[in-house]
Structures are given as structure tokens and as C-alpha cells.
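The values are calculated or read from the model by the stated rules, or taken from the named source; none is laboratory data. Worth saying up front: this structure is predicted, and the values here are computed from it rather than measured. Cβ: placed from backbone, ideal geometry, glycine included. Neighbour counts: every protein chain shown. Just so you know, the surface numbers come from the protein's heavy atoms only, side chains and all, with ligands and any DNA or RNA stripped out. Shrake-Rupley method; radii C 1.70, N 1.55, O 1.52, S 1.80 Å.
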Amino acid sequence: MANRKRRVKSDSINNLVVISDTHCGCRLALCPPDGVMLDDGGTYMPSKFQQWMWSKWEEFWADFVPHSTRGEPFAVVHNGDAIDGVHHNSTTQISHNIEDQTEIAYRVLKPVFDACEGRYYHIRGTEAHVGKSGVEEERLAKRLGAIPNEDGQFSRYELWKRVGPKLVHLLHHVGTTSSAGYDATAVHKELVETLAEAAAWGDECPDMLVRSHRHRYIATGIPGGRHHGGETGARSSVVTPGWQGKTPFAWKIAGARRSQPQFGGIVVRYSDDGEFFHRQKVWTLERSKSE
């Protein structure tokens, strides 16, 4: 296979911004405020809810990211499910034409690609949304100019990424639960099992795992690793929020039907004093008014 040279900008970085589950093409997900032209010549204009979500998207990139990165350069990972696709006989899409959905995703993500100066990685999400083997996500990532892996794929199933000297492992899927009491179980299990697998084969243990898919933020951790001076650090497992409102499917799932949707992302940072951590920005909605 052809061995592609990595871009210089993808190498040394101390800040990693992770977003996921944008589900572009859904009427409950991100849409540019000036609307989108569809393949047949019609135009779709965003709803009041989509306009609100877009204001949070702009706030995330204009305020939260610069503040969390201290204005330093950063890389971006889209951790899967960039488009909504045509799935489960659903009717909440703006268009069932995948080209329309991809165009929306491109318009949403191209400014992100520009903001990180091309330090952009793309993870493949759920096949029901992005096609078999993530074919639609690969097409989008190639069009955006995402950094390819060693096999020349512009989107990938996983990413091992250095943030400073620390090692972060990213992929889309993680176990779910219908009980809030067990919300952290699969997330913590993912961390423990990943560390055990690395130890069994003598591989370097990751300092942080980042997962998505759930559309809800949660983080868990255990003591481990060493900071400068020998004090014990921590290894953590983080799940990102998404950028999609509650679809009809969410209203029938135990747990999801009782909770409000979450919107936002995280910044993983290695600071000048050797501290390694993440910061999250999460918005939600108010409950329905009583009548």
C-alpha cells in the first residue's frame, strides 16, 4: 500500500478538540442559518430549534475553544456520525438524498477544518447513518481534506493521537445503558479493558480514551501514570455530547426518553506545567412547560 507522508501540522500539538454526532441532514441537527439548497433546486430553512443550536455551535468555536486552548494551535477530531443518513424508516431528514446531507455537513465542517489549519481527523461512525464501511463519511472526509491514515483512508475507525507527550485513543462506539444508575459502567469498563489489553501485549497504555455515540457527556477515571516529579496522574475515559435533538427513536428508549438532549464537545489539553486534562462544554434544553 502507498505510504503517505503525514502533514507537518498533524505532529506536535498540545490541544485536541473533539466533536461528534453532528447528524447533518436531520431536521433536529445542525444546519447553516442561511438555509441549504437541495438537489432539486428547493431550499430548506432551519427551524427555530436549529437556529438556537447553531448559536451554541458558534459559541463553542468562538468562545469555548479559544479560551480552553489559551489561543494556541489545536487539532480537531470529528468522532463519527457526521451525517444522519437514511435509517430505520425515519422521516426526520431534511432530504433522503445523501448528496444533500453531505453538502450540509461540508458547509458545517469546512470552517472547522480552516480554523484548525488542516489538523483535522475524521472517525467513522455507525453504518446505519454513514453507510456500509463508513463510505459516506469517507467521501466527506476526503472532500474536507482530513489527514489520512497509513492506508490512505481519509476517515478511520480509530485514532491514536499524541497530545503533548500523552496518548489519546479515539473511536466512535461505546456501550450504552437504559439506566442512569449505570451510566458510567460501560465507559469505565472500556478504560479498564483497554489498559488490560495494552498491558497484555506490552503496548503503551493510553492516558485517555474518547468515545461518542451516546450523545451524552460523561467522564470516569482511575489513578495511573506519572506526572513530572513522580506524583501519580490519572487515566480517564470520556464520552462526548452530540449535536442532535431528540428524535422519535429517543422518545421510546428508557433513560433517553426521560432526559434532555445534550450539545457540545471537549478540549483535551496538555499544559506548559505538564498537566493533562480535558474540559467539556455541554448545553441542554429546558423541560417542556407545565400546562
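Can you tell me how many residues within the range 240-271 are in contact (Cβ under 8 Å) with a residue 40 or more places away in the chain and part of a loop (DSSP other than H, G, I, E, B)?
Adding up the residues that qualify gives 13.
So that you can scan it fast, the table gives a plain yes or no per residue for (1) hydroxyl-bearing (S, T, Y); (2) within 19 Å of the chain's Cα centre (by Cα); (3) closer than 21 Å to S20 by Cβ:
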residue	(1), (2), (3)
P46	no, no, yes
K56	no, yes, yes
W61	no, yes, yes
V65	no, yes, yes
R70	no, no, no
H78	no, yes, yes
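In the range 106-127, what residues are open to solvent by 40 Å² or more (accessible area, probe 1.4 Å) and not acidic (D, E)?
At the first step, the residues of the range 106-127 found to be open to solvent by 40 Å² or more (accessible area, probe 1.4 Å) are 106-107, 110-111, 114-115, 117, 127.
Correct list: Y106, R107, K110, P111, A115.
Checking the condition touching a His at 6+ places or on another chain (Cβ under 7 Å), part of a loop (DSSP other than H, G, I, E, B) and either over 28 Å from N14 (Cβ atoms) or not hydroxyl-bearing (S, T, Y) (or both), which residue from A128, A146, A141 passes?
A146
Which residues, taken from the range 28-73, are in a loop (DSSP other than H, G, I, E, B), of a type outside the set (G, A, S) and under 26 Å from Q280 (Cβ atoms)? Break it down into steps so the answer makes sense when it comes.
Restricting attention to the range 28-73, the residues satisfying the condition of being in a loop (DSSP other than H, G, I, E, B) are 28, 30-35, 38-42, 45-47, 70-73.
Applying the additional criterion that residues be of a type outside the set (G, A, S) yields 28, 30-34, 38-40, 45-46, 70, 72-73.
Once the filter is applied, which keeps residues that are in a loop (DSSP other than H, G, I, E, B), of a type outside the set (G, A, S) and under 26 Å from Q280 (Cβ atoms), the range 28-73 yields L28, L30, C31, P32, P33, P46, R70, E72, P73.
If you take the residues in the range 166-203 that are at pLDDT 95 or above and part of a loop (DSSP other than H, G, I, E, B), which one is least open to solvent (accessible area, probe 1.4 Å)?
Only one residue tops the list, namely H172.
Go over the candidates P261, P241 one by one and state the one that is at pLDDT below 95, within 14 Å of R214 (Cβ to Cβ), open to solvent by less than 40 Å² (accessible area, probe 1.4 Å) and in contact with a strand residue (DSSP E or B) (Cβ under 9 Å, 6 or more places away or on another chain).
Result: P261 is the single residue among P261, P241 that is at pLDDT below 95, within 14 Å of R214 (Cβ to Cβ), open to solvent by less than 40 Å² (accessible area, probe 1.4 Å) and in contact with a strand residue (DSSP E or B) (Cβ under 9 Å, 6 or more places away or on another chain).
Please find, among S155, S90, the residue that is in contact with a strand residue (DSSP E or B) (Cβ under 9 Å, 6 or more places away or on another chain) and modelled with pLDDT of 95 or more. Walk me through how you get there before you give the answer.
On the way: S90 fails: modelled with pLDDT of 95 or more.
The match here is S155.
Just to be sure before I move on: is S20 in contact with a Pro (Cβ under 9 Å, 6 or more places away or on another chain) and modelled with pLDDT of 95 or more in the structure I sent? It would help to see each step written out before you state the result.
On the way: in contact with a Pro (Cβ under 9 Å, 6 or more places away or on another chain): yes; modelled with pLDDT of 95 or more: yes.
Taking the combined requirement at face value, the residue satisfies it.
Could you grab the pairs with beta carbons closer than 6 Å, sequence gap of 6+ or different chains, first residue in the range 28-56 and within 16 Å of A105 (Cβ to Cβ), second one among the hydrophobic types (A, V, I, L, M, F, W, C) and open to solvent by 50 Å² or more (accessible area, probe 1.4 Å)?
G35/M45
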